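**Q** Before we start, here is the structure in question, set down as structure tokens.
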Amino acid sequence: MTELLIVPAHRELSERVHWLIQLRWLAIIGALITIVIANALLPNTLPLVPLVGVTLTIAIYNLCLYLYANRLDKYDFSSRYRQSLIIAHVQITMDLVALTLLLHFAGGLENPFFFYYVLHMITTSILLSRRSSLVYAGLATVLFCGMLVLEARGIIPHYNLKGYRAPSRYAEPMHIFSVSFALASTFFFTAYFASSVMSRLRARTEDLIEANQACELQVQQLAELNEKLKKAEEMRTQFTLLVTHELRAPVAAIHSYLKLILDGYVPPEKQRDILERSERRAREQLDLIADLLELGRIQQKAATDKTVPVQIDEILRGICDMMRTQAQEKGLAFNVEIAPSLPPVKATPDHIKQVWMNLISNAIKYTKPGGSVTVSVSQNPNYVVGEVQDTGIGIAPEYQTRIFDEFFRTDEAKAMERQGTGLGLSIVKRIVEVYGGRIWVESEVGKGSKFTFILPKIS
């Protein structure tokens, strides 16, 4: 936030620095014209060589400042701001010294142009802080009053404007004091009030910038939220269409079977076969509905059910016998590897059981007889790691990013096992993620798959 607030301050200061340089060219031209006119009005009175010399000196340092200021674009924001600040201090200091020299060679106290100091006080208050403004008011006072005292004491020469001011006024103490006091007080009051106004303006500007940034942040957040809502709506629509399709097919099949029987197109000896098909379709329908309900309740159950420290290795041991039996019936080798002294994870036992059951059932389902299924659980510094590896049909690379999508099943999976809702891995993914974990798959077609999930361990 601080850097963002420096940017407009840098821009303002950088612009004013260039503005002062451009204005100084006009001042140089104006000074030369004034010298010519004054010399015409007061011939043989002004020391032309020193006056022109000071004016040319101003032109030289102004040219140097111009060249240096044009190189600021190569710096970053904060560096540019610091460099612009340095240039502003150099300009104001040199201008005060140059103005004092011009006044000295053009009559000193007799020259009415000493009020040009006030312009520098205003400029300083606009560009710099109040403290800097008061410091420069003090510097201008010292320079002007010092010049008057040195001239009055004869330490430096006084150049009288013959025919314009009395030759003795510059040495009158009361006149010197009154002018010095009036001008010094003007310097300080001008610096104080102008810097006060600028401080308030800068504070208002910073408030506006912060408010604008807050609004931009809120707009960005609203845009991101709106995008998420759009995606959620698209996903909801897509999910509804998928669910409708998945539910419609079994119902249409059951309806067709029953319609054939009721209309008398099925002879009595084949009716049992048709009813068995209807029963299988109905069972598939019930499985799909159960998975859909479970998919929708995972988040709610995780929030409402009591989460406790769960030993996922103990839950794995509890289902190993049933899973081993299924594997052996299909002619598969079933191996379990459990690392010792595993820490618990925070979850519900039912959800962890579902994760193991879905992953192991899929491994058995999609592995041909003679293959193997290996289940392991271990730990790393932050997580408990569960793995289910098989030597089954595998998953093509283009399908591995979609394997956890609702209702998605590869063509190979459908060919090998017709029955399946395509929701098992979606349920597993949602369960693992709801407890702060992650799941992924590594697979090669024809060689098998390895599903790995991690859950944060309770230390």
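**Q** Points 7 angstrom from Cα along the Cβ direction at Glu314 and Lys353: gap in nanometres?
**A** Inter-label distance under the simple model: 1.4 nm.
**Q** Take the cross-link list Lys230/Lys447; Lys270/Lys429; Lys346/Lys368; Lys74/Lys231; Lys74/Lys230; Lys365/Lys457 and give me the ones stretching past 32 Å between alpha-carbons.
**A** As for pairs spanning more than 32 Å Cα to Cα, those are Lys230/Lys447; Lys270/Lys429; Lys346/Lys368; Lys74/Lys231; Lys74/Lys230.
**Q** For the pair Phe115 and Phe193, what calculated FRET efficiency results from E = 1/(1 + (r/R0)^6), where r is the Cβ-Cβ distance and R0 = 22 Å, to the nearest 0.05?
**A** 0.85
**Q** Work out how much length Ile458 to Asp207 would gain on full extension: take 0.36 nm times their residue separation and subtract the Cα-Cα distance, in nm to one decimal.
**A** Extending this stretch completely gives an extra 85.7 nm.
**Q** Sorted by packing (mean other beta-carbon atoms within 10 Å per residue), highest first, where do 33-41, 436-444 land?
**A** Per-residue mean Cβ counts within 10 Å order the peptides as 436-444, 33-41.
**Q** Suppose R0 equals 51 Å; then what is the FRET efficiency for Arg82 and Thr401 from their Cβ-Cβ distance, rounded to the nearest 0.05?
**A** Here the calculated transfer efficiency is 0.50.
**Q** Under the rule of at least 5 residues apart or a separate chain, name every residue whose amide H is placed under 5 Å from the amide H of Gln379.
**A** The list, which skips near neighbours in sequence, is Val385.
**Q** How much length is gained if the chain between Leu260 and Gln328 is pulled fully straight, taking 0.36 nm per residue apart and subtracting their Cα-Cα distance, in nm to one decimal?
**A** Computed gain between Leu260 and Gln328 is 20.5 nm.
**Q** I'd like the Karplus ³J(HN,Hα) series for segment 130-146: coefficients 6.51, -1.76, 1.60, θ = phi - 60°, whole numbers in Hz, and an x wherever there's a Gly or Pro.
**A** 4, 4, 5, 4, 5, 4, 6, 5, x, 4, 4, 4, 4, 4, 5, 5, x
**Q** Give me the one-decimal nm value for the distance between modelled label points at Lys270 and Leu150, 7 Å along each residue's Cα-to-Cβ direction.
**A** Each label point is offset 7 Å from its Cα along the Cβ direction, giving 12.4 nm.
**Q** Which of the peptides 100-108, 334-342, 361-369, 14-22 is most tightly packed, and how do the rest follow, judged by the mean count of other Cβ atoms within 10 Å per residue?
**A** 100-108, 361-369, 14-22, 334-342
**Q** Quick check: pseudo-label points 7 Å beyond the Cα along Cα→Cβ at Leu63 and Thr34, how many nm apart are they?
**A** 2.3
**Q** ³J(HN,Hα) across segment 251-268 via Karplus (A = 6.51, B = -1.76, C = 1.60, θ = phi - 60°), whole Hz, x for Gly/Pro?
**A** Taking θ as phi minus 60°, the curve returns 5, 4, 5, 4, 4, 5, 4, 5, 4, 4, 5, 5, 7, x, 7, 10, x, x Hz for segment 251-268.
**Q** Collect residues whose amide H, placed 1.01 Å from N in the peptide plane, falls under 5 Å from the amide H of Gly394; neighbours closer than 5 in sequence don't count.
**A** Those lying under 5 Å, H to H, from Gly394 are Gly446, Gly448, Ser449.
**Q** Going by amide H atoms built from the backbone, whose H comes under 5 Å of the H on Val373, apart from near neighbours?
**A** Ala333, Phe334, Asn335
**Q** List the trypsin sites (Lys or Arg not before Pro) in segment 42-112 that DSSP assigns to loop (not H, G, I, E or B) and whose Cβ has at most 11 other Cβ atoms within 10 Å. Which are they?
**A** Counting only loop positions with at most 11 other Cβ atoms within 10 Å, the trypsin sites (Lys or Arg not before Pro) in segment 42-112 are Arg71.
**Q** Return the sequence-ordered ³J(HN,Hα) values of segment 195-200 in whole Hz as given by the Karplus equation 6.51 cos²θ - 1.76 cosθ + 1.60 applied to θ = phi - 60°, using x for Gly and Pro.
**A** Those phi angles translate into 5, 4, 4, 5, 4, 5 Hz.
A short reminder: the numbers here are calculations on the coordinates, not readings from a lab. Fair warning: this is a prediction, and the values are worked out from it, not measured in the lab. FYI the Cβ positions are ideal-geometry reconstructions off the backbone, even for glycines, and counts take in every protein chain you see.
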